[in-house]
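One structure below.
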Amino acid sequence: MASMRDIKRRKTSIQGTQQITKAMKLVSTVKLQRARANAERSKLYFDCMYETVNSILSRVGHLDHRYLQPGESKRKAVVVITSNRGLAGGYNSNVTKLITRHETWQKEDLDIYSLGNKGKDAFVRHGYTVRENLPEVIEEPIYADAMLLAKRLLESFEKGEIGEIYLAYTSFKNTVVHEPKLLKLLPVDAEAVKADGGERSSADKGDAVKSGKAEAIMNFEPEDVEALDMIIPKYITSLIYGAMMEAVASENGARMQAMDNATSNAEEMISDLTLKYNRARQGSITQELTEIIAGADALG
């Protein structure tokens, strides 16, 4: 059995750790409120852009456009958004597992664009090619950073250096629910977008049928191909920026949960150590009384 001094020392150490986890939880809570507000504001723009591309692809039919056709290269560029710090539960590992445990992908065919040091460290450890690491981008996400990254990716796609572009991030549902997602950015899957758009707008279509109104034919000015040349890069940029904003909110939510759990665990450990300390103290006092009584009896 541990001595009273050892138990007291360990209890003091855990109490110090508990104070740190409480402080980190408070910091994460404040950051979460700000990140959540930013994510909600950016979502309006993302939804508008999504509906615009959805509307175009659902009405123009098949187009022979470079952004809608797979590239010649077999290499895939994957933008992975993680954090620069740990102590966030499974936040970072859940995103990296989307790539490392993908059933059909080979690590030799992937170029990783990491937004966050934790993701970079994990992929280097697993032997993946990390083409770029941009840890500063995820600290304070801004639209300009997403635009520059999207521009580099599109240039590589047009040059034939990569054939597909993917985005891995953590979607923010609410404070306690964060879902890792893997999205295909290029080539744009027109059929998938149409299907998703059909599901989203089924109620509107039903209302249109009931009212006898038909969907209007879409006319482009300039031509449809030129319109896609302008719209799709903005669409890709908005997806990356929206993912960055949601990832930051998810990171702080995950860290807040992790620190709350750590604080609760520390409280349980302190209670257990307090009980052990009292038992050890009681045993020590009993032993001293026994020795005093035994000594008195010997003298008498």
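Descriptive notes on the structure:
- Selection of the range 218-273 for residues being among the small types (Gly, Ala, Ser) and farther than 24 Å from HIS178 by Cβ yields ALA227, SER271.
- The residues listed here are LYS25, LYS97; of these, the one that is assigned to a helix (DSSP H, G or I), within 22 Å of the chain's Cα centre (by Cα) and within 30 Å of ASP109 (Cβ to Cβ) is LYS97.
- The residues in the range 83-95 that are in contact (Cβ under 8 Å) with a residue 40 or more places away in the chain and surrounded by 20 or more Cβ atoms within 10 Å (Cβ to Cβ) can be counted, and the count is 4.
- Condition met for LYS74 (under 18 Å from LEU183 (Cα atoms), touching a helix residue (DSSP H, G or I) at 6+ places or on another chain (Cβ under 8 Å) and surrounded by fewer than 17 Cβ atoms within 10 Å (Cβ to Cβ)): yes
- Near pairs, Cβ below 7 angstrom, 6+ apart or cross-chain, from the range 246-265 (surrounded by 23 or more Cβ atoms within 10 Å (Cβ to Cβ)) to any residue that is in a helix (DSSP H, G or I) and of a type in the set (D, E, K, R): ALA249/ARG36; ASN252/LYS31; MET256/LYS25; MET259/LYS25
- Scanning the range 117-141 for residues that are touching a residue at least 40 places away in the same chain (Cβ under 8 Å) and not aromatic (Phe, Trp, Tyr) yields ALA122, ARG131, PRO135, VAL137, ILE138, GLU139, PRO141.
- For LEU44, the stated conditions do not hold, so it cannot be described as outside any helix (DSSP H, G or I), surrounded by fewer than 18 Cβ atoms within 10 Å (Cβ to Cβ) and among the aliphatic types (A, V, I, L, M).
- Sole residue being modelled with pLDDT of 95 or more and either hydrophobic (A, V, I, L, M, F, W, C) or surrounded by fewer than 16 Cβ atoms within 10 Å (Cβ to Cβ) (or both), chosen from VAL60, VAL53, VAL80: VAL80
- Positions within the range 249-300 being aliphatic (A, V, I, L, M) and in contact with a helix residue (DSSP H, G or I) (Cβ under 6 Å, 6 or more places away or on another chain), in sequence order: ALA249, ALA254, MET256, MET259, ALA262, ALA266, MET269, ILE270, LEU273, ALA280
- Number of positions in the range 158-170 that are touching a Phe, Trp or Tyr at 6+ places or on another chain (Cβ under 8 Å) and either of a type outside the set (S, T, N, Q) or not assigned by TED's automatic domain parsing to the domain that holds ILE112 (or both): 2
The values are calculated or read from the model by the stated rules, or taken from the named source; none is laboratory data. Model, not experiment: these values are computed from the prediction. All Cβ positions, glycine included, derive from the backbone under ideal geometry; neighbour counts span all protein chains shown.
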